Amino acid sequence: MPADMFHLGWFYSKGFGPKAWKHRWAGSSVDRFTKPDMAVHLAQAMERSGFDYIMLEDSSNVPYTYQGSHDAYLRHSVDTPKLDPTVLAPFLTAATDNLGVVVTCSTTEYHPFMLARKFNTLDHVSDGRIGWNVVTGSNDGGAQNYGRDRQYPHDERYDMADEFMDVCHGLWNGWDDDALVLDLEGGVFADGSKVHPIEHVGKYYRVRGPLSSPPSPQRSPVICQAGGSERGRRFAGQWAETIICAARGVEAMKSYRSDVRAEAVAAGRDPDSIKVLFLISPIIDESFETAEARRRHRWDTAEHEVDFGLAALSRSTGIDFSKFDLDEPIPPLETNGHQSSARQMEGKILRDVLRYNRTLETVPLTGTAQSVAGDMDELMQEVGGDGFLLVESYHSRRYIAEICDGLVPELQKRGLTRKSYEFNSFRENLLSF
Ligand SMILES: Cc1cc2nc3c(=O)[nH]c(=O)nc-3n(C[C@H](O)[C@H](O)[C@H](O)COP(=O)(O)O)c2cc1C
């Protein structure tokens with residue numbers, strides 16, 4: 001493998017739900033958003049072009065933070081509706097052979113035993129291709145579906161998640177490799193002395209164990225994480241195997257990566273065992289001019305979707321953004337939601353933030369497939385990162401083809417991304433370079 005090869009993932013934003021439903025190229029995804037076909041189509045195209053994984057985003061409530069009502073969320077389909085990604089995942093792994101599938105589940109919406117069991121089963125049925133995007137919740141409306149008025153305080157959510165991870169790993173490691181005997185002649189199915197209860201009694205959870213099923217091909221799902229706050233980075237340094245990072249600009253990307261790598265070292269881990277993937281949303285076309293025109297169109301569209309943008313921001317921060325002036329700097333924000341997003345926008349003009357949030361342009365990557373492949377090469381060399389996570393706010397089948405059949409072949413030609421998979425499991429492929 002050339003030393004400068006990097007990994008590719010796809011952030012399936014808005015999860016198992018509607019995509020660019022009122023935009024051009026939306027096609028059949030509009031009325032079939034409750035079916036797996038769009039995601040299956042994407043997964044197969046990604047596998048053809050050697051991606052490591054698709055990450056299925058999720059949140060589980062119909063938000064009502066903006067204007068104190070769920071109307072804007074439902075009218076524009078802002079982060080709702082969403083179906084359960086753990087049910088979508090097996091459709092994707094059944095339709096592919098090598099692609100990793102990362103499913104988002106919140107530590108404040110699951111019990112650790114239930115989660116450990118679910119991911120053990122997903123890893124079995126996918127033959128070792130499952131990952132878990134560990135999130136801790138952000139919107140109070142989500143907490144209200146699970147018996148609480150508010151989310152737990154931000155940093156405490158991560159403390160709870162630490163204990164949650166200890167329990168899950170204890171359960172995933174509770175069966176010895178040779179516990180399953182399957183000795184027909186001797187009449188022994190499994191050896192009881194090799195299956196261990198964990199007897200966990202902690203601050204937040206009590207779990208006896210053992211897990212009710214044997215170890216899966218990877219034993220544990222690949223752990224994916226996206227925490228941007230100081231506490232979130234510490235959590236990522238301790239647990240994550242791949243990190244998805246929405247840093248804007250080269251300097252922010254560099255500093256994020258060096259921070260989490262330092263956290264990994266502090267946690268006694270090899271920093272190269274964490275693959276940091278940076279979010280990008282390239283625009284590819286036949287020429288620079290046509291690509292630039294599409295970029296301008298994307299920005300114009302974003303500018304007209306003010307209600308959409310305000311509703312989305314309100315959801316992720318838990319603050320009703322209808323009370324702020326669009327053309328004034330955003331004041332300091334007290335949030336119990338996504339703290340890193342709040343810090344990024346304070347002092348900036350609200351209208352500009354909305355435009356950025358909708359276009360998700362972390363760095364401008366606009367041009368032909370050849371030029372953008374070259375730009376990505378340079379960017380990766382400068383940042384020293386491990387790869388990119390593709391995302392498109394106005395997701396459509398057209399975009400899938402442009403990336404998987406246009407851009408990625410150019411990356412492969414330059415020896416920057418893989419042409420075929422070396423290993424069977426998601427983790428082995430992720431750690432292979
Ligand atoms: C690319 C990306 C994808 C994310 N996907 C999800 C998701 O699917 N569900 C979720 O609840 N939070 C998601 N988040 C939010 C993070 O899990 C985390 O809560 C957020 O980055 C704030 O972290 P912080 O509070 O440590 O700053 C995502 C964040 C990023 C950058």
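The values are calculated or read from the model by the stated rules, or taken from the named source; none is laboratory data. This is a predicted model, so every value here is computed, not measured. Using ideal geometry, Cβ is built from the backbone for each residue, glycine included, and neighbour counts are taken over all protein chains shown. What goes into the accessible areas is simple: the full protein's heavy atoms, side chains included, and nothing from ligands, DNA or RNA. Shrake-Rupley method; radii C 1.70, N 1.55, O 1.52, S 1.80 Å.
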Being open to solvent by less than 20 Å² (accessible area, probe 1.4 Å) and under 14 Å from HIS7 (Cβ atoms) is the filter here, so list the residues in the range 403-420 that pass it. VAL408, LEU411, LEU416, THR417, ARG418
Name the one entry in LEU354, LEU407, LEU389 that is aliphatic (A, V, I, L, M) and not in a helix (DSSP H, G or I). LEU389
Across (1) within 16 Å of the ligand (Cβ to nearest atom); (2) basic (Lys, Arg); (3) surrounded by fewer than 17 Cβ atoms within 10 Å (Cβ to Cβ), ARG157 clears everything bar (3)
Which of the residues belonging to the range 104-125 are touching a residue at least 60 places away in the same chain (Cβ under 8 Å) and among the β-branched types (Val, Ile, Thr)? THR104, THR121
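Yes or no, residue by residue, for (1) in contact (Cβ under 8 Å) with a residue 40 or more places away in the chain; (2) in a helix (DSSP H, G or I); (3) of a type in the set (Val, Ile, Thr):
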| position | (1), (2), (3) |
| --- | --- |
| ASP127 | yes, no, no |
| GLY131 | yes, no, no |
| VAL134 | yes, no, yes |
| GLY137 | no, no, no |
| GLN151 | yes, no, no |
| TYR158 | yes, yes, no |
| VAL167 | yes, yes, yes |
| LEU182 | no, no, no |
| GLU185 | no, no, no |
Applying the selection to the range 106-117, what residues are surrounded by 21 or more Cβ atoms within 10 Å (Cβ to Cβ) and either over 16 Å from VAL222 (Cα atoms) or in contact with a strand residue (DSSP E or B) (Cβ under 8 Å, 6 or more places away or on another chain) (or both)? SER106, THR107, PRO112, LEU115
The listed residue being more than 16 Å from the ligand (Cβ to nearest atom) and either modelled with pLDDT under 95 or open to solvent by less than 20 Å² (accessible area, probe 1.4 Å) (or both), out of VAL353, VAL306: VAL306
Every residue from the range 209-256 that is basic (Lys, Arg) and within 22 Å of ASP162 (Cβ to Cβ): ARG219, ARG231, ARG233, ARG234
Return yes or no: is SER341 more than 26 Å from GLU292 (Cα to Cα), open to solvent by less than 40 Å² (accessible area, probe 1.4 Å) and touching a residue at least 40 places away in the same chain (Cβ under 8 Å)? yes
Residue identified as more than 18 Å from ARG234 (Cβ to Cβ), away from the ligand (no atom under 13 Å from the Cβ) and open to solvent by 60 Å² or more (accessible area, probe 1.4 Å) among LEU180, LEU171: LEU180
